[in-house]
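The values are calculated or read from the model by the stated rules, or taken from the named source; none is laboratory data. Note that the coordinates shown come from a computational prediction; the quantities given were computed from them, not determined experimentally. Cβ placement follows ideal geometry from the backbone for every residue including glycine, while neighbour counts extend to all protein chains displayed. Side chains are part of the model used for accessible areas, which takes the heavy atoms of the whole protein and leaves out ligands, DNA and RNA. Shrake-Rupley method; radii C 1.70, N 1.55, O 1.52, S 1.80 Å.
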Amino acid sequence: MAEEKQTATLIFGNKKLEFPMYSPTAGPDVIDIRKLYAEGDVFTYDPSYTSTASCESTITFIDGDKGELLYRGYPIEELAEKSHFLEVCYLLLYGDLPTAAQLEDFEDRVTRHTMLHEQMQYFFRGFRRDAHPMATMVGVVGAMSAFYHDSTDIGDPWQREVAAIRMIAKMPTIAAWAYKYSLGQPFVYPRNDLDYASNFLRMCFAVPCEEYEVNPILSRAMDRIFTLHADHEQNASTSTVRLAGSSGANPFACIAAGIACLWGPAHGGANQACLEMLREIGTVDRIPEFIKRAKDKDDPFRLMGFGHRVYKNFDPRAQVMKESADEVLSLMGIENNETLQVAKELERIALEDEYFIDKKLYPNVDFYSGIILDAMGFPTSMFTPIFAVSRTVGWISQWKEMIVDPSQRIGRPRQLYVGAARRGYVEVENR
Ligand code: CMC
């Protein structure tokens, strides 16, 4: 537990209560209100957890005002430039950057777990061909607990480790197969001589009738997308994984819950929604019309890929993503791509607009990622599954951290009940 530094006093009615306060390594101080209900007979009310720390964690830190994102203390920009995804996975899972030998061993373990149980194919084949790949992923990942019984005992550290490796290794195969199934093309099996990102690209785009050469620039861009999305502290899907895990549910079930949560357009579904919005805008001259709609209180329309609960200055991931978009589009010879032009102009106009300045709304990670994925040849329906592949390591690292946290108990929020008070039952003929 963080060191207790001072106390906070809460006075209400005729009560005066003292609570311990902790100073974290970074970020605001925290008031420990766990005894509030027992001693004060009141709850706190914070429906979307704006002011609530749900756990103690050592994995990821975000400074929303500075626009800083650190994985185990390392800035995301530096990791995106100098590292690669599996090294970042090691860092998130075990706390430190690996030595060369540790990395080799880790890469070997992940690479040798990429195949799926052959019978899982029938699971895919049970879905409609036009199913959204996220729907398929929620089902298939949940079903992993039916195929890998030997890594579902959460009390056994070895089984937790095996489950973590399995999940990181198999998620690209699951996402790629969900895509292949939707196309009516044969499943492409993983290949051990390829790195993580290249293997994923090949499983998505290769067909058995011809050789598929992975372009190293696209593979690097894919790897960077994985790295930028790998973890983001206690966001909605991660908190879902932790909450599911707090009941003792097996890791595959918990990750399936995380995937379901990620799917929403306010979270991981925003990358699909953002590209669809940019296409709908279509040309630069239509931008003012959409800016006007985004500002209109009576219009539910929002600029997708804009805004963040925590970042109130800029999203550091978006800046790396923008550079990657330029790189990939120029490689493909489509740097004049209309969607990229619309995105850049939209960003420029919005960042000068008082509404967006006042509300501290900036492009987030999803603003440019869709443009890159589109240029690589992915349909919009694959954008969120790719986010899920990347975030799996974050979910599993946070889940593992939670399991060994001595203060962990089942998560059980309370409520501010405003429904009917106790009343008598009325027989149907008298209603
Ligand atoms: N366009 C227009 N107005 C916006 C937007 C937007 N994208 N985002 C927030 N606002 C306004 C909102 O209407 C509200 O105005 P008011 O104070 O007048 O009621 C104010 O800004 C605060 O918004 P909020 O919804 O209370 O903020 P939040 O912290 O609950 O929501 C958010 C954060 C990311 C869900 C939201 O900004 C949003 O819906 N953005 C679009 C979806 C998106 O891009 N999501 C991806 C997030 S990053 C990746 C991830 O986490 O998965």
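Within segment 232-261, residues that are without any contact (Cβ under 8 Å) to a residue 40 or more places away in the chain and over 21 Å from Cys89 (Cα atoms) have Cβ atoms under 7 Å from residues that are within 16 Å of the ligand (Cβ to nearest atom) and in a helix (DSSP H, G or I) in these pairs: Ala244/Ala257; Cys261/Ala236; Cys261/Ser237; Cys261/Thr240, counting only partners at least 6 apart in sequence or on another chain. Taken over segment 14-45, residues that are farther than 26 Å from Thr60 by Cα, surrounded by fewer than 11 Cβ atoms within 10 Å (Cβ to Cβ) and among the β-branched types (Val, Ile, Thr) amount to 0.
Test Lys295 against the criterion of being out of contact with any helix residue (DSSP H, G or I) (no Cβ under 6 Å at 6 or more places or on another chain) and within 14 Å of the ligand (Cβ to nearest atom), and give yes or no. No.
If you go through segment 264-288 and keep only what is open to solvent by 30 Å² or more (accessible area, probe 1.4 Å) and away from the ligand (no atom under 13 Å from the Cβ), you end up with Arg279, Glu280, Thr283, Val284, Asp285, Arg286, Pro288. Pull out all pairs, ordered by first then second residue, where Cβ-Cβ is under 9 Å, the residues are six or more apart or on different chains, the first lies in segment 88-104 and is at positive phi, and the second is part of a loop (DSSP other than H, G, I, E, B) and of a type in the set (A, V, I, L, M). Close Cβ pairs (under 9 Å, with a partner that is part of a loop (DSSP other than H, G, I, E, B) and of a type in the set (A, V, I, L, M)) amount to Gly95/Ile59. Only a single criterion out of (1) among the basic types (Lys, Arg); (2) in a helix (DSSP H, G or I); (3) open to solvent by 10 Å² or more (accessible area, probe 1.4 Å) is not satisfied by Arg391, namely (3). Residue count for segment 49-88 satisfying the condition of being farther than 21 Å from Arg317 by Cβ and either among the basic types (Lys, Arg) or open to solvent by less than 60 Å² (accessible area, probe 1.4 Å) (or both): 1.
At least 2 residues that are free of Cβ contacts under 8 Å to residues at least 40 places away in the same chain and in contact with an Asp or Glu (Cβ under 9 Å, 6 or more places away or on another chain) in each: list the helices (runs of 4 or more DSSP H) lying fully within segment 285-359 that qualify.
Numbers: elements: 287-295, 316-331, 338-352, 354-358.
Hits in segment 285-359: 287-295.
Within the set Phe106, Phe85, the sole residue that is under 21 Å from Glu161 (Cβ atoms), more than 21 Å from the chain's Cα centre (by Cα) and at pLDDT 95 or above turns out to be Phe106.
Okay, residues lined up against (1) within 13 Å of the ligand (Cβ to nearest atom); (2) aromatic (Phe, Trp, Tyr); (3) under 15 Å from Arg224 (Cα atoms):
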| residue | (1), (2), (3) |
| --- | --- |
| Asp358 | yes, no, no |
| Ser369 | yes, no, yes |
| Asp374 | no, no, no |
| Ser381 | no, no, no |
| Ala388 | yes, no, yes |
| Lys400 | no, no, no |
| Arg409 | no, no, no |
| Val418 | no, no, no |
| Val426 | no, no, no |
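Pick from segment 226-254 the residues that are hydroxyl-bearing (Ser, Thr, Tyr) and away from the ligand (no atom under 16 Å from the Cβ): which of them is least open to solvent (accessible area, probe 1.4 Å)?
Here is the first cut: in segment 226-254, the ones hydroxyl-bearing (Ser, Thr, Tyr) are 227, 237-240, 246-247.
Going one step further and asking which of them are away from the ligand (no atom under 16 Å from the Cβ), we end up with 246-247.
Numbers: Ser246: 13, Ser247: 75 Å².
So the residue we want is Ser246.
Of the residues examined, Ser54 is one that is of a type in the set (Gly, Ala, Ser) and closer than 19 Å to Ser407 by Cβ. When Gly333 is tested against the conditions (1) open to solvent by 10 Å² or more (accessible area, probe 1.4 Å); (2) within 15 Å of the ligand (Cβ to nearest atom); (3) modelled with pLDDT under 90, the lone failure is (2). Restricted to segment 298-326, and to residues there that are open to solvent by less than 20 Å² (accessible area, probe 1.4 Å) and under 22 Å from Asp358 (Cα atoms), the residue that is nearest to the ligand (Cβ to nearest atom) is Gly307.
Can you work out which of the residues in segment 29-71 that are among the small types (Gly, Ala, Ser) and away from the ligand (no atom under 14 Å from the Cβ) is nearest to Ile11 (Cα to Cα)? So that I can check it myself, show each step before the final result.
Restricting attention to segment 29-71, the residues satisfying the condition of being among the small types (Gly, Ala, Ser) are 38, 40, 48, 51, 53-54, 57, 64, 67.
Checking which are away from the ligand (no atom under 14 Å from the Cβ) leaves us with 38, 40, 53-54, 57.
On the way: Ala38: 15, Gly40: 10, Ala53: 22, Ser54: 24, Ser57: 30 Å.
By that ranking, first place goes to Gly40.
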